[in-house]
Amino acid sequence: MQQKGFTLGRLFFFLGMIVYVGNVLGILFTVLLNSASKGWYSGVLPKYLTGEWYGYVASEHDIPHLLFITFLVAIAVVAISIVIAFPAAYALSRRDFKGKGALLSVFLLPMIVPPMTYGIPLAVVLYKFHLAARVTGVILANLVPIVPFMILVMMPFIEQVGVNLESAAQMLGARRLTVFRKVLIPLTLPGILTAGILSVVKTISMFELTYLVAGGKSQTIVVALYADAYAAGARPPQAVDALAVIYFLTAMACLVVALKFVSPTQMVFKIK
Amino acid sequence: MQKGLKGGGILFLLPAIVFVVLLFVYPFLYGLYLSFTSPEGAPTLSNYARFFTDWWEARTIWVTLKIALPATLINVILAIPFAYHMRHGMRGEKLITFFLIIPLTLGTVLVSEGMLSYMGPNGWLNQLLQAIAIVRGPVRFTHNYWGVLISLVIQGFPFAFLMILGYVSGINPDLEKASQMLGASRAQTFVRVLFPLMVPGIAICFCLNFVMAFSVFPSAVLLGEPSGPTRVIAYAAYQWALEKFDFNIASAISMVMAAIELVVISGVLVWRNRIYRGASMVGKG
Amino acid sequence: MKEFSRFIVKELTKEFEGKTALSRFSLEIANGEFITFLGPSGCGKSTALNCIAGLIPITHGEISIDGECIDDGKNKIPPEKRSFGMVFQNYALFPHLSVFNNVAFGLRLRRLSKPLIHEKVTAALKLVHLEGHENKFPAQMSGGEQQRVAIARCIVLEPRLLMLDEPLSNLDAKLRTEMRNELHTLHTRLGVTTIYVTHDQQEALALSDRIVVMRLGHIQQVGAPGQVYADPANLFVADFMGFKNIWDASLGALRENGDMLEAEVTVKSMKLKARLRYPQGDPRRDGLIAAFKAGAAVKTAIRPEDIHVGRDETGVSMRSRVTLMEYQGQTSYVSALMENDTIVELRPSTPVRVGETLELSIAPEKVFVFAAGRE
């Protein structure tokens, strides 16, 4: 069905989108400019630009360490999740069994239940086992929503590689393991990569769980940002914005990479 | 699809089952246990009693609902016309979706933090509003209820929009054509055909959005006033756990959170079933 | 059913993204007739249907009923106000409504009283043999049943034009024949003007009063089934309607004999006689005469059924050796290699064996010749 030029509906749609996008961009640019401004208390643009806040942030935080922890957690979470989620996704895609629906629901619960609801008991347990306040604890906590997410993303990719292909390989003489290695994995690799990169993006921005579990040296950059913003009195807002820009660049870099693999709508869809 | 789990099926599922049990089910059950236990280990209802009888704590339910319900309603209700408009695709769709997922990807912390400057008394938004003479003085968006609500809409709208868009796009376009041929105007087609078919999607979207909004934490703290008007239930749980180190009460609060979310979700699902009797299939014929 | 006296489609053109989906489509439809748009995918038949329905905007042209213009490219009456019915290929039943409510949908929009709606819906369901299914939902019904609900949903509104877009293509072969018969019976009973779109020539031949053969957005031929079947306007129509034995040939001689053209065509080393009923003014006649004058190549088209095993009345025959035989019961689909190194396809009624030598002949009236390039 074709659109007919100019209609009231179209006008409202674009106005709405412009209002929304405008505000989002406004937020981002304010942060960007503020982080490099001096004496910007009123007016549309700052009077002076300076890089001193970045220097300040670099001296107050160990930025390389923060970035290192952030990526370490993200990559570790993704790697472990793939190992757990892939076989599960395979079994769920290929097999039908009693209680499958119930099991699937249980797997998906950690994605539906918001982190703050289960995060506190989870933190308590991790503290009990002395895993909290360490990178290990952060990794374990972040696994909880990511594994179900991965299962959900990978399932359609596995379903796409029809069972027939595996059967065909078996008819040609391949053993189970070889079928896996030479047929299934290569064909589902795009799915695995997609799930992986989406999970990296998600983990970098996940706040609540890491916040509840991390200690001083095992913070990710988003947690450091929150801590700075929270203690706003003790830190100049421009410095907080500087850290925000660093976080923003990190997250956006991963987003841009992710978008090479997957369309924007799919990104959100994979969240439910 | 193979039936049954023989031949390694169970083995494939085992790591995931172990994981879910150890890191989700067990902590949850442990939290449940803690909530009914005193710090010395004796079974008790005092944790819940403490929460519900202390007005300062119990009111967090009301405070959070006051933020979460309107935010969710706004998100879902706004998303519907926008998704309806885009249901057949449009030029620039990819660009629009890209801009919509930016706040989602960046996360609440950045958006909240950024809003402090952008929507502050001297920020661009206030400057703009005053420049086009909508208001005379700066409007207070930050460190109050409105800031938190706005941030929930900024974060929640794209999610609701994209989700409902997915549902609407999945409705067979021939259904609209058939409706037209049978004499229905656009409005009638929407009310009698499209909306009923969207109800399941809208219901799920509402539930997910509500659950996200109800557990709001960083924006309520950074952008609101956690010491009063926007002291949300998640913040209360956090304070008891990591500031007062009373894990029992903290767990109790978490359980209350979960219970309320469950009640609202059930209510929505009952509503949906009432509207959507009968058909279960929305697919392409 | 509501009636009209004149339904005219004039020079209907639809361009979309640089491509012309429909080009100067003109047709006058008589009240009560069953007309089929026939052609392969991409020929524009569905486009034409959707344009007439008002579901897509037209680029140029005019559609009018009884002198009232319903679409001229600039102003158009929207589909919901045209009183046309449309049955879709995938039925497009509303999944959230019961069979009864699906059929009642249009009636409810017109705010008829409850008892009247009940009466009409019951009558419509009876007409399509679905009494008793009122409370079922589309998901619980088979393809054929859904099809019938879709039809009932349209005819209950007594439309002045009923359109069907490849309604049988999703059904299996046996069901297709059953439904085809039902459609035919329904049309005879109700007399509603019908436009039917299909790529299946069997359906077109069985159901239509007239067939519009289309290709790449252009009308190739409009005529009664007998005409289109036995007197194709060009090579494309011939091919589409089941002519085979399309060979490159040259015109040895061409004689005009009133309405007839008598030709001698040479296919490689084989000579054939053709008697063609191409009257004065028929583009086929002009095309062949021009081709003959220019010494240009032509093409033959012969129905396999028209090839006779044995000698003709003048004792002439072509020798051939059977290369392929597919048994089909009453006849067989046979391919044979002739002495001029060309494969001929025939449908003999007596069994033959691969390798067997056959003597074949064709009556000149059954040999069609077209100027090459006139497709």
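Let me spell it out: the conditions are (1) in contact with a Lys or Arg (Cβ under 6 Å, 6 or more places away or on another chain); (2) within 11 Å of chain B (Cβ to nearest Cβ), and A:SER218 meets all of them except one. Which number is the exception?
Here A:SER218 clears every test but (2).
Mind listing whichever residues of region B:3-60 are buried (at least 17 other Cβ atoms within 10 Å of the Cβ), aliphatic (A, V, I, L, M) and more than 28 Å from the chain's Cα centre (by Cα)?
Once the filter is applied, which keeps residues that are buried (at least 17 other Cβ atoms within 10 Å of the Cβ), aliphatic (A, V, I, L, M) and more than 28 Å from the chain's Cα centre (by Cα), region B:3-60 yields B:LEU5, B:LEU13.
So C:ILE195 fits all but one of (1) in contact (Cβ under 8 Å) with a residue 40 or more places away in the chain; (2) surrounded by fewer than 23 Cβ atoms within 10 Å (Cβ to Cβ); (3) within 14 Å of chain B (Cβ to nearest Cβ); (4) under 20 Å from the mean Cα position of the chain (by Cα); what number is the exception?
All conditions are met except number (2).
Quick one: would you say B:ARG140 is surrounded by 14 or more Cβ atoms within 10 Å (Cβ to Cβ) and of a type in the set (Lys, Arg)?
yes
Inside region C:287-375, counting only strands (runs of 3 or more DSSP E) that do not spill past its ends, which hold 1 or more residues that are surrounded by fewer than 18 Cβ atoms within 10 Å (Cβ to Cβ) and out of contact with any Cys (no Cβ under 7 Å at 6 or more places or on another chain)?
Because the criterion is at least 1 residues that are surrounded by fewer than 18 Cβ atoms within 10 Å (Cβ to Cβ) and out of contact with any Cys (no Cβ under 7 Å at 6 or more places or on another chain), the strands (runs of 3 or more DSSP E) in region C:287-375 that meet it are C:297-301, C:307-309, C:318-327, C:332-338, C:343-346, C:357-362.
Residues of region B:64-88 being within 17 Å of B:MET257 (Cβ to Cβ) and either free of Cβ contacts under 8 Å to residues at least 40 places away in the same chain or surrounded by 21 or more Cβ atoms within 10 Å (Cβ to Cβ) (or both), which ones?
Hits for region B:64-88 are B:THR64, B:ILE67, B:ALA68, B:ALA71, B:THR72.
Kindly provide the set of residues from region A:97-115 that are more than 18 Å from B:VAL18 (Cβ to Cβ), in a helix (DSSP H, G or I) and within 8 Å of chain B (Cβ to nearest Cβ), ordered by number.
A:ILE112, A:PRO115
Can you pull out every residue in region B:169-191 that is surrounded by fewer than 19 Cβ atoms within 10 Å (Cβ to Cβ) and either modelled with pLDDT of 95 or more or assigned to a helix (DSSP H, G or I) (or both)?
B:SER169, B:PRO173, B:ARG186, B:ALA187, B:GLN188, B:PHE190, B:VAL191
Has region A:133-148 got any residue that is hydrophobic (A, V, I, L, M, F, W, C), without any contact (Cβ under 8 Å) to a residue 24 or more places away in the chain, in the same structural domain as A:GLU166 (by TED's automatic domain parsing) and farther than 24 Å from B:TYR235 by Cα?
no
List the pairs whose first member sits in region B:90-119 and is more than 7 Å from chain A (Cβ to nearest Cβ) and within 18 Å of B:THR142 (Cα to Cα), whose second member is of a type outside the set (S, T, N, Q) and outside any loop (DSSP other than H, G, I, E, B), and whose Cβ atoms are under 7 Å apart, counting only residues at least 6 apart or on separate chains?
B:SER112/B:PRO218; B:SER112/B:LEU222; B:LEU116/B:LEU222; B:MET119/B:LEU125; B:MET119/B:GLY147
I'm checking my understanding of the structure. Among residues of region C:93-109 that are assigned to a helix (DSSP H, G or I) and more than 7 Å from every other protein chain (Cβ to nearest Cβ), which one is nearest to B:GLU176 (Cα to Cα)?
Out of the qualifying residues, it is C:ASN102.
Which residue, of C:LEU276, C:LEU337, C:LEU324, is under 22 Å from C:VAL237 (Cα atoms) and either at pLDDT below 90 or not polar (S, T, N, Q) (or both)?
Answer to the check: C:LEU276.
Checking the structure you have, find out if any residue of region B:39-48 is touching a helix residue (DSSP H, G or I) at 6+ places or on another chain (Cβ under 8 Å) and at pLDDT below 85. Walk me through it before giving the result.
Within region B:39-48, the first condition is being touching a helix residue (DSSP H, G or I) at 6+ places or on another chain (Cβ under 8 Å), and the residues that meet it are B:39, B:47-48.
Retained after the next criterion (residues that are at pLDDT below 85): B:39.
Yes, that holds for at least one residue.
If you take the residues of region C:216-269 that are assigned to a helix (DSSP H, G or I), surrounded by fewer than 21 Cβ atoms within 10 Å (Cβ to Cβ) and touching a residue at least 24 places away in the same chain (Cβ under 8 Å), which of them is farthest from the chain's Cα centre (by Cα)?
C:ASP239
Given (1) within 18 Å of C:THR193 (Cβ to Cβ); (2) among the hydrophobic types (A, V, I, L, M, F, W, C); (3) assigned to a helix (DSSP H, G or I), where does C:VAL149 come up short, assuming only one miss?
(1)
State whether one or more residues within region A:116-138 are over 26 Å from B:PHE214 (Cβ atoms), in contact with a Ser or Thr (Cβ under 7 Å, 6 or more places away or on another chain) and part of a loop (DSSP other than H, G, I, E, B).
Taking every residue of region A:116-138 in turn, at least one turns out to be over 26 Å from B:PHE214 (Cβ atoms), in contact with a Ser or Thr (Cβ under 7 Å, 6 or more places away or on another chain) and part of a loop (DSSP other than H, G, I, E, B).
For the condition out of contact with any strand residue (DSSP E or B) (no Cβ under 9 Å at 6 or more places or on another chain) and within 8 Å of another protein chain (Cβ to nearest Cβ), what is the one hit in B:ALA203, B:ALA178, B:ALA252, B:ALA234? Spell out how you get there, then give the answer.
On the way: B:ALA203 fails: within 8 Å of another protein chain (Cβ to nearest Cβ); B:ALA178 fails: out of contact with any strand residue (DSSP E or B) (no Cβ under 9 Å at 6 or more places or on another chain); B:ALA252 fails: within 8 Å of another protein chain (Cβ to nearest Cβ).
Within the list B:ALA203, B:ALA178, B:ALA252, B:ALA234, the selection yields B:ALA234.
Check region B:31-49 and report whether any residue there is within 9 Å of chain A (Cβ to nearest Cβ) and in contact with a Leu (Cβ under 9 Å, 6 or more places away or on another chain).
Yes, some residue in region B:31-49 is within 9 Å of chain A (Cβ to nearest Cβ) and in contact with a Leu (Cβ under 9 Å, 6 or more places away or on another chain).
The values are calculated or read from the model by the stated rules, or taken from the named source; none is laboratory data. In this text the structure is predicted, and so the values were computed from the model without any measurement. So basically every Cβ, Gly included, is an ideal-geometry build from the backbone, and we count neighbours across all protein chains shown.
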